[in-house]
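J.: My questions all concern the structure below.
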Amino acid sequence: MSRRNHDIAELRRLDVAHHLPAQSSYKLQRDLGGSRIITRAEGSTLYDGDGNAILDGMAGLWCVDVGYGRAELAEVAYEQMLELPYYNTFFRTATPPPVELAAKLAGLLGGELQHIFFNNSGSESNDTVFRLVRYYWDLKGEPDRKVFISRHNAYHGSTVAAASLGGMSYMHVQGDLPIGGIEHVMQPYWFGDGFDEEPEAFGARAAAAIEARILAIGPEEIAAFIGEPVQGAGGVIIPPPGYWPRVEAICRKYGILLVSDEVICGFGRLGSWFGFQHYGYTPDIVSMAKGLSSGYQPISATAVSREIVETLRGSDDDFVHGYTYSGHPVAAAVALRNIEILEREHLVERVADDLGPYLAKALARLDDHPLVGETRSLGLIAAVEIVCEKGTNHRFQPPGSAGPLVRDACIARGLMVRAIRDSIVMCPPYVITHAEIDRIAAIIAAALDEVGAALATSAAPALLDVTEGGEPGL
Ligand code: PXG
């Protein structure tokens with residue numbers, strides 16, 4: 001394996017001089033002298049330019065499910081590049097890998113979800129959803145059905161349509177979003193918004209909010225409901241039992257399309273191939289990305305029901321939508337091999353039967369910590385809520401300040417995690433070992449100890465000065 005000797009100081013200088021990294025404060029990037037440079041990775045471990053080994057509790061950005069260093073994914077990309085590096089899927093053309101991948105996905109999805117449209121990112125998949133759903137209702141002779149219902153704190157991507165579908169208010173304030181025709185209702189966030197309520201009753205209330213909005217607007221104007229089975233970037237919001245069956249029943253009652261955004265939950269994250277399978281509902285459309293290729297190539301997929309395809313087939317017109325790289329042969333070949341790895345190594349079953357329960361048990365050891373309000377997980381996705389008063393959901397002031405402190409203390413100890421408001425979230429690769437899971441819990445405990453001690457003294461404001469501002473979801 002090649003190990004290039006990077007000049008990290010020079011890279012950080014060039015980073016400030018020329019590079020605008022994604023979702024970053026460019027002021028902080030400059031003031032802190034450049035981004036953290038990750039140079040290589042193996043298994044579940046990242047290595048940065050300063051030689052630090054960092055356990056990757058986030059699987060990259062919720063995506064490197066099969067772990068780093070999979071030579072066969074590089075080999076399959078190399079072979080495909082030699083054979084056919086590119087050809088498009090426009091104007092009734094195709095290449096072998098996307099056709100084979102579509103058939104493979106249809107088998108995994110099952111039921112009526114038998115047709116796949118390819119894109120390059122989760123955002124693009126949800127843009128496809130936006131255009132496809134409205135076109136579908138036009139063809140059905142119900143052109144008034146334009147409105148999408150989504151949820152506060154949902155994350156559906158960063159393009160204009162996807163950020164509008166998402167419910168992140170801090171994203172909406174930039175660029176005058178959301179665009180019209182998108183409504184946001186309450187999320188099923190029991191710890192933050194329910195707490196004193198019985199979880200199932202709270203979940204029923206959150207589902208009822210969808211129906212109330214449908215009735216307020218008029219059911220004949222509602223096109224679709226879109227939701228993540230478990231909200232990821234919104235803070236690992238695991239809905240209470242009963243929520244999803246209620247949402248599905250509401251969609252069916254009013255003839256509304258149900259879109260499952262499986263960009264994070266798909267490909268085993270919750271211990272089932274797809275989140276809708278875990279919760280037992282039947283979507284009309286599914287968005288997938290991230291784990292589809294474990295992040296080794298940019299690719300996403302939008303699965304649609306047979307009924308939708310039959311409706312499209314009722315028209316002679318093209319669906320005038322597509323990206324130059326829709327169904328890119330190299331990305332599709334890598335995705336196919338990635339799925340083969342998941343199957344061959346029984347990684348989805350491992351998440352369900354072994355790693356998920358082990359992570360839940362390890363995190364439960366934090367439940368007694370004075371700063372921990374709740375630990376929750378499903379499969380290999382988890383959150384630790386930070387509170388200022390044990391037994392409540394009260395936050396340190398200002399809200400959203402404690403999460404980044406704990407995150408930074410984790411990173412300093414060699415664990416990469418995300419802070420979302422005042423929670424620490426995790427989403428490790430499916431190749432993580434028991435010993436590494438134990439290390440995750442131990443590092444978070446030590447980070448909480450350190451931050452707890454600092455917050456109890458005057459050291460806290462000084463710490464707050466050097467952490468990133470603008471944490472999502474405030
Ligand atoms: N849907 C969901 C559910 C996602 O989590 C997207 C769509 C958009 O995918 P692309 O590939 O366009 O990024 C995502 C992406 C975070 C974070 O802050 C989360 C995502 C992306 C970037 C940052 O946790 N999720």
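J.: If we only count strands (runs of 3 or more DSSP E) wholly inside segment 358-474, which ones have 2 or more residues that are of a type in the set (S, T, N, Q) and at pLDDT 95 or above? Break it down into steps so the answer makes sense when it comes.
T.: Details: elements: 372-378, 381-386, 418-420, 423-426.
The qualifying strands (runs of 3 or more DSSP E) are 372-378.
J.: In segment 38-53, how many residues are modelled with pLDDT of 95 or more and either more than 23 Å from L73 (Cα to Cα) or loosely packed, with under 15 Cβ neighbours inside 10 Å (or both)? Give the steps one after another, and end with the answer.
T.: Quick first cut of segment 38-53, residues modelled with pLDDT of 95 or more only: 38-47, 53.
Retained after the next criterion (residues that are either more than 23 Å from L73 (Cα to Cα) or loosely packed, with under 15 Cβ neighbours inside 10 Å (or both)): 42, 53.
Final tally of qualifying residues: 2.
J.: Would you mention how many residues in segment 230-250 are open to solvent by less than 10 Å² (accessible area, probe 1.4 Å) and β-branched (V, I, T)?
T.: Final tally of qualifying residues: 4.
J.: Let me ask something additional. Could you tell me how many of the residues in segment 209-233 are within 19 Å of F274 (Cβ to Cβ) and not β-branched (V, I, T)?
T.: Total satisfying the criteria: 8.
J.: Continuing with this model, one more query. Give the number of residues within segment 66-91 that are closer than 30 Å to V320 by Cα, open to solvent by 30 Å² or more (accessible area, probe 1.4 Å) and not in a loop (DSSP other than H, G, I, E, B).
T.: Total satisfying the criteria: 2.
J.: From the list G275, G266, G291, G314, which one is assigned by TED's automatic domain parsing to the domain that holds K104, surrounded by fewer than 24 Cβ atoms within 10 Å (Cβ to Cβ) and modelled with pLDDT of 95 or more?
T.: On the way: G275 fails: surrounded by fewer than 24 Cβ atoms within 10 Å (Cβ to Cβ); G266 fails: surrounded by fewer than 24 Cβ atoms within 10 Å (Cβ to Cβ); G291 fails: surrounded by fewer than 24 Cβ atoms within 10 Å (Cβ to Cβ).
Of the residues listed, the single one that is assigned by TED's automatic domain parsing to the domain that holds K104, surrounded by fewer than 24 Cβ atoms within 10 Å (Cβ to Cβ) and modelled with pLDDT of 95 or more is G314.
J.: Would you check which residues across segment 120-134 are within 16 Å of A102 (Cβ to Cβ), more than 9 Å from the ligand (Cβ to nearest atom) and not hydrophobic (A, V, I, L, M, F, W, C) and list them? First the steps, then the outcome.
T.: Initially, segment 120-134 is screened for residues within 16 Å of A102 (Cβ to Cβ), giving 120, 125, 128, 132.
Add one more test, that the residue is more than 9 Å from the ligand (Cβ to nearest atom), and what stays is 128, 132.
Matches in segment 120-134: T128 only.
J.: Within segment 122-157, how many residues are touching an Asp or Glu at 6+ places or on another chain (Cβ under 9 Å), within 17 Å of W62 (Cβ to Cβ) and assigned to a loop (DSSP other than H, G, I, E, B)?
T.: The total comes to 4.
J.: Another question, if that's okay. Which of (1) over 24 Å from Y254 (Cα atoms); (2) open to solvent by 60 Å² or more (accessible area, probe 1.4 Å) does F195 not meet, given it meets every other one?
T.: The failed condition is (2).
J.: In segment 1-65, which strands (runs of 3 or more DSSP E) lie fully inside it and hold 1 or more residues that are among the hydroxyl-bearing types (S, T, Y) and either under 24 Å from the mean Cα position of the chain (by Cα) or away from the ligand (no atom under 16 Å from the Cβ) (or both)? Walk me through how you get there before you give the answer.
T.: Values: elements: 38-42, 45-48, 53-56.
In segment 1-65, 38-42, 45-48 are the strands (runs of 3 or more DSSP E) which contain 1 or more residues that are among the hydroxyl-bearing types (S, T, Y) and either under 24 Å from the mean Cα position of the chain (by Cα) or away from the ligand (no atom under 16 Å from the Cβ) (or both).
The values are calculated or read from the model by the stated rules, or taken from the named source; none is laboratory data. All of these numbers come straight from a predicted model, not from anything done at the bench. All Cβ positions, glycine included, derive from the backbone under ideal geometry; neighbour counts span all protein chains shown. Note: areas computed on protein heavy atoms with side chains; ligands, DNA, RNA excluded. Shrake-Rupley method; radii C 1.70, N 1.55, O 1.52, S 1.80 Å.
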